[in-house]
Amino acid sequence: MKIGFIGLGNMGAPMALNLLKAGHAVNVFDLSAQVVQALVDAGAKAAGSPKAAVTDVECVITMLPAAAHVRSVLSADDGVFAGIAKGVTIIDSSTIDPASVKAFAELAVQHGNTFVDAPVSGGTGGAAAGTLTFMVGGSADAYEQVKPVLSAMGKNIVHCGDTGTGQVAKICNNLVLGITMAGVAEAMSLGEALGIDSKVLGGIINTSTGRCWSSDTYNPMPGVIETAPSTRGYTGGFGTDLMLKDLGLATDAAKFARQPVYLGALAQQLYQTMSTKGAGRLDFSAVIKLYRKDGKDGKDGKDGKDGKDGDAS
């Protein structure tokens, strides 16, 4: 297929690369010339604008930081709606609020297009390996239409229901992720303060009832999981500010539903504190910095780098 891909951050770039590996022709657009060039070197075609990226394609995928970016990419004078042909499906894999998804879907219908929300879970490792989970919101027909494309980037393609339900699943998942990461950070820091070797404690947790993704794959204590961002100075993962954004989406949705999220609100404050301290660009597992007493965690809060899009969860 001919696919337009917009947003090449830590998640978007490997996703687009997997589309190329699957044999698709991919037009790419991003504000970073460096990441665009990397995809061009892999076989993609560079586009000078979102409009150019979606001209003469059969499918469009967007992977952006927030709803405001999606709105701009869709509706700007050189945006998607200015260049897309009628009947072409737009897949948005950003993590945004369900209300915005429904508004974008209505705009798409007005332009003769279908809009599907398909946020992802699986982290940067899953994006690179092509093993992501896609949570798809849209009609049954739309789901069947996009499933082959998504299957080139993920192994679990789940139809969640009508438009917007993919985002409901995603914000609930990231609510759990933010809470569990804070819990693992708290426990690992307590163990360190009490004198147990962090690798020993991590191994016990990961074979016991405390096991979770935040511990066995993304452990926040440096050196416990060699492939985790904590071992490389909390760089190259899912930024603290992005987790803060997602927890904000969850708490806002909870207000709308009149549903309490006690732990989610507390976790949001923890990540807000990290952001205020200047650590918003570090991977969200750096929340352990709030707990550790000796500062043996590598780089300070201003040295990390996060992706412009995507998700670790």
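The values are calculated or read from the model by the stated rules, or taken from the named source; none is laboratory data. Note that the coordinates shown come from a computational prediction; the quantities given were computed from them, not determined experimentally. In this analysis, Cβ positions are derived from the backbone assuming ideal geometry, glycine residues included, and neighbour counts consider all displayed protein chains.
With a requirement of 2 or more residues that are over 27 Å from residue 263 (Cβ atoms) and not polar (S, T, N, Q), the helices (runs of 4 or more DSSP H) lying completely within segment 123-201 that satisfy it span 123-129, 140-150. Suppose we keep only residues that are assigned to a loop (DSSP other than H, G, I, E, B) and touching a helix residue (DSSP H, G or I) at 6+ places or on another chain (Cβ under 8 Å) within segment 204-219. Which one would you say is surrounded by the most Cβ atoms within 10 Å (Cβ to Cβ)? Only one residue tops the list, namely 219.
On the basis of being more than 21 Å from residue 245 (Cα to Cα), of a type outside the set (Asp, Glu) and not assigned by TED's automatic domain parsing to the domain that holds residue 63, does residue 195 make the cut? Yes. Quickly run through segment 220-249 and pick out the residues that are buried (at least 24 other Cβ atoms within 10 Å of the Cβ), assigned to a helix (DSSP H, G or I) and small (Gly, Ala, Ser). Across segment 220-249, the qualifying residue is only 230. Of the numbered criteria (1) in contact with a Cys (Cβ under 6 Å, 6 or more places away or on another chain); (2) surrounded by fewer than 16 Cβ atoms within 10 Å (Cβ to Cβ), the one residue 137 fails is (2).
Residues that are in contact with a Cys (Cβ under 7 Å, 6 or more places away or on another chain) and among the β-branched types (Val, Ile, Thr) within segment 1-58 comprise just one, 3.
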